[in-house]
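Quick notes on the structure that follows.
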Amino acid sequence: MQNLSHDIEKYILDLLEGVEDNFISLRRKELAEMFECVPSQINYVLRSRFTPEQGYLIESRRGEHGYIKILRITCEKTSEKISHINEIIGDEITFKEARKLLAALQSRRMITGRERLLIEVALKHITDSGHDEDTEETAYLLRNMLGGLMGA
């Protein structure tokens with residue numbers, strides 16, 4: 001199952017690389033037929049690997065003339081990047097969610113591996129200090145550290 005998900009993801013990423021306008025439209029049924037899987041497998045890949053945290057928006061219309069539109073989020077200006085990140089973080093974020101976001105930012109080359117590790121250590125300090133449930137403090141620290149790295 002994992003290899004199938006990876007193959008579907010790779011296919012979609014390859015399609016996105018070949019377009020200039022940062023979006024593609026696909027038919028879920030045709031994609032499922034191509035990979036010889038059920039449409040819910042396509043849904044799983046979209047939900048797990050094409051999220052806003054990973055830099056994608058999904059628009060979907062079901063039915064006979066249904067489609068899936070996958071849009072790659074591009075942030076040209078520093079202020080757009082910071083706004084996008086702050087929107088994802090919101091007012092509260094768990095340590096686990098923060099780590100997933102940092103991994104996605106690293107894979108998008110918005111931060112380096114070293115920066116990711118430094119931020120994770122700082123965030124881990126909050127949970128190690130007995131503030132396991134302090135998602136507001138985690139969000140505050142994460143927003144400020146990423147904003148500082150990106151020049152806000």
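Each value in this text was obtained by applying a stated rule to the coordinates, not by laboratory testing. All values derive from a computational prediction rather than experimental measurement. When we count neighbours, we look across all protein chains shown, and the Cβ atoms used for this are built from the backbone with ideal geometry, even at glycine.
Under unit Cβ charges (Lys, Arg +1; Asp, Glu -1), what dipole magnitude, rounded to 20 debye, does the stretch 12-52 have relative to its Cα centre?
With Lys and Arg at +1 and Asp and Glu at -1, about 320 debye.
Working from Cα positions, state the angle (0 to 90°, nearest 10) between the long axis of helix 78-89 and the longest principal axis of the chain.
Its long axis makes an angle of about 90 degrees.
Ranking Ile93, Ile82 by Cβ neighbours within 10 Å, fewest first, what do you get?
Ile82, Ile93
How compact is the stretch 1-117 by the rule of thumb for globular proteins, expressed as Cα Rg over 2.2 N^0.38 Å?
On the way: Rg = 15.5 Å, N = 117, 2.2 N^0.38 = 13.4 Å.
Compactness ratio reported: 1.15.
Let me have the relative contact order for the stretch 63-152, percent, based on Cα pairs under 8 Å that are six or more residues apart. Let's see the in-between values first.
Numbers: 59 pairs, mean separation 36.4, N = 90.
Value for the stretch 63-152: 40 percent.
Can you find, among Pro39, Ile126, Gly18, the residue sitting farthest towards the positive end of the charge dipole of the chain, where Lys and Arg contribute +1 and Asp and Glu -1 at Cβ?
Gly18
Once amide H atoms are built 1.01 Å from N in the peptide plane, which residues 5 or more positions from Tyr56, or in another chain, come under 5 Å H to H?
Amide H neighbours of Tyr56, under 5 Å, 5+ apart: Thr51, Ile73.
Using only alpha carbon pairs under 8 Å that are at least six residues apart, calculate the relative contact order of the chain and give it in whole percent.
Dividing the mean separation by the residue count of the chain yields 20 percent.
Along the stretch 36-48, what does the Karplus equation 6.51 cos²θ - 1.76 cosθ + 1.60 (θ = phi - 60°) give for ³J(HN,Hα), rounded to whole Hz, x for Gly and Pro?
Once θ is set to phi - 60°, the couplings for the stretch 36-48 become 6, 9, 7, x, 5, 5, 5, 4, 4, 4, 5, 5, 9 Hz.
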